[in-house]
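Before any comments, here is the structure.
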Amino acid sequence: MSEFFDKYFNIKKIAASKREYRKQMARVEALPEDYRYVFKKIQRHMWMFAGGSGYDMLRIHYDLIELFESGAASGRPVLEITGEDVAGFCDELLRSTETYTANWREKLNRDILEKIRTRE
């Protein structure tokens, strides 16, 4: 039970995450308009799939901000960074994090395999 509280209800961790999130969003606000728009759309999309405590998302945000900052600094258009398939770009970002859809996929496979294997 303490692991659950440490992961989800750790007040110090929550406060530190909020501070970090505010710092990240200040960096986003400093980006050019197109970059800000795309970042916020990606952010909204990714949070729909966040699983677990969501702390993994902060790491993705940090990496994405760095990528966007370097792209903006070099004068590259944002879609040159993400490609025109921004949803596909998001899928790649989410590949290393815990997502709800991954849980659904695992449950679907597990349920089917358990049912079929009991018949064999």
Expected vector for the stretch 32-41, Karplus 3J(HN,Hα) from phi with 6.51, -1.76, 1.60 and θ = phi - 60°, integer Hz, x for Gly and Pro, equals x, 3, 4, 5, 4, 4, 5, 4, 5, 5
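So what's the net charge close to Ile65: Lys and Arg +1, Asp and Glu -1, counting the other residues with Cβ under 12 Å from its Cβ? Each step should come with its number before you reach the end.
Numbers: positive: Lys23, Arg27, Arg36, Lys40, Arg59; negative: Glu20, Glu29, Asp63, Glu66, Glu69.
Net of charged neighbours comes to 0.
Each value in this text was obtained by applying a stated rule to the coordinates, not by laboratory testing. These numbers come from a predicted model, not from an experiment. So basically every Cβ, Gly included, is an ideal-geometry build from the backbone, and we count neighbours across all protein chains shown.
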